[in-house]
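Data block below; observations after.
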Amino acid sequence: MKTKFIYIFVITSVLSILFSCGSIKDGEIVVRTVSEFNEAVSKATPGTAIVLANGVWKDAELVFEGKGTKENPIKLTVEEKGKVTIEGASNLQLAGEYLIVEGLVFVNGFTPTNEVISFRKNENRISQ
């Protein structure tokens, strides 16, 4: 009985350490779907990094809107460069202040609007 308790304690401790030492840093939000992306954007504050998870993002219409600061911009990036592609009917719209985008690769697709990347939220709202 005592050996079984020690075994469970050790396994629980190891799992806790592994999960707490993940690659996600403070202020990073890893997203796996467009819905998760939209939620992360709505909650982003200066210094936040929204990270697209590895894989193919197909038919992804992304609106990256926010207000970062010069000292703490809001960043849109990828989990691993070269392992995230945006494909199909996809585009990116940027609107706000002090936004940084890096690592996005658009391939095998087309834009459902007039631009693959635009610096406005919609036709009536130009990025500030």
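The values are calculated or read from the model by the stated rules, or taken from the named source; none is laboratory data. Everything quoted here is computed from the prediction, not taken from an experiment. With ideal geometry, Cβ positions are generated from the backbone for all residues, glycine too; neighbour counts draw on all protein chains shown.
Structure notes:
- Options Asn108, Asn91; residue that is out of contact with any His (no Cβ under 9 Å at 6 or more places or on another chain), at pLDDT below 95, polar (S, T, N, Q) and surrounded by 15 or more Cβ atoms within 10 Å (Cβ to Cβ): Asn91
- Members of region 65-85 found to be touching a strand residue (DSSP E or B) at 6+ places or on another chain (Cβ under 8 Å) and farther than 14 Å from Leu99 by Cβ, listed by number: Val78, Glu79, Lys83, Val84, Thr85
- Residue list for region 77-103, filter: of a type in the set (Asp, Glu) and in contact with a Gly (Cβ under 6 Å, 6 or more places away or on another chain): Glu87
- Candidate set from region 111-128 (those that are part of a strand (DSSP E or B) and among the β-branched types (Val, Ile, Thr)); member that is modelled with the lowest pLDDT: Ile126
- The criterion of at least 3 residues that are without any contact (Cβ under 8 Å) to a residue 60 or more places away in the chain and among the β-branched types (Val, Ile, Thr) is met by the following strands (runs of 3 or more DSSP E) wholly inside region 40-104: 74-78, 84-89.
- Some residue of region 45-64 being farther than 16 Å from Glu102 by Cβ, at pLDDT 50 or above, β-branched (Val, Ile, Thr) and out of contact with any strand residue (DSSP E or B) (no Cβ under 6 Å at 6 or more places or on another chain): yes
- Filter result for Glu65 (charged (D, E, K, R) and in contact with a helix residue (DSSP H, G or I) (Cβ under 7 Å, 6 or more places away or on another chain)): yes
- Any hit, region 19-39, residues being polar (S, T, N, Q), assigned to a helix (DSSP H, G or I) and at pLDDT below 90: yes
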